[in-house]
1. Sort 89-97, 141-149 by the packing proxy (mean of other Cβ within 10 Å over each peptide's residues), most packed first.
2. Stick to Cα atoms and the Kirkwood definition of Rh, then tell me Rg/Rh for the range 125-185.
3. Per residue of the range 43-49, what does 6.51 cos²θ - 1.76 cosθ + 1.60 with θ = phi - 60° give for ³J(HN,Hα)? Whole Hz please, x for Gly and Pro, Karplus curve as stated.
4. So what is the orientation-averaged projected area of the range 45-91, using the convex hull of its C-alpha atoms, in nm²?
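Read-outs: derived from the displayed coordinates by stated rules, not from any lab. None of the values given here were measured: they were computed from a predicted structure. Here Cβ is always computed from backbone atoms with ideal geometry, including for glycine, and neighbour counts include all displayed protein chains.
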Amino acid sequence: MSIREFTVTELESSKLGTEAAEQAFHMDEQTFRVFYEATARPLWSYLARVLGSRSLADDLVQESYFRFLRAELKSNDEGYQKAYLFRIATNLARDHWRRSPAHENYEPLDPDQLHANDRTADRVQQRSDLNRALGRLKPRERELLWLAYAEGASHKEIAEVVGLRAASVRLLLFRARQKLMKMMRRPSRAVMNHAGQEQHG
């Protein structure tokens with residue numbers, strides 16, 4: 001998976017930038033480059049997994065950074081800035097779901113095209129039925145699971161991204177995990193048919 005690299009100058013001159021050029025970006029080129037290199041791959045992977053669309057993830061990554069650069073941040077803390085960026089991306093994804101009735105058409109993604117920060121996520125992705133199971137989950141459930149197990153975010157950090165209380169995140173994440181595990185434990189129809197044929201053979 002190749003992520004296109006954006007610069008502050010490019011974002012300023014983009015179509016998005018011309019719509020609100022009067023608002024200055026809060027990062028210079030060098031600061032943004034460092035931040036972008038640290039967050040672009042995780043952000044793209046998060047959007048691609050939640051949305052089930054590589055092309056849509058590409059589009060929303062650019063818009064997420066544009067909106068992030070225009071925002072008035074309360075802190076220069078790296079963790080705070082990353083959470084703020086992910087919350088912008090989450091809101092953009094939800095706006096897309098509201099506009100598009102077909103958002104449930106989840107496109108299975110090749111695990112090799114997604115890059116998570118946590119080794120646990122890499123191991124989980126090796127499960128051949130993970131994509132199918134994720135596609136049957138609700139978008140918010142995919143958000144919670146990816147942030148928790150791919151990004152390794154705490155309940156408090158997830159709450160800041162998805163706009164919920166930490167206590168609510170804990171409960172919803174537990175339910176999403178149980179639901180995913182239940183789906184992945186179900187034998188496929190092909191396996192069941194094969195077993196039935198053996199019984200009657």
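1. Top to bottom by mean Cβ count within 10 Å: 141-149, 89-97.
2. Taking Rh as the inverse mean 1/r over Cα pairs, Rg/Rh reads 0.97.
3. Residue by residue, the range 43-49 yields 5, 4, 4, 4, 5, 5, 6 Hz.
4. One quarter of the hull surface, i.e. the mean projection, equals 3.2 nm².
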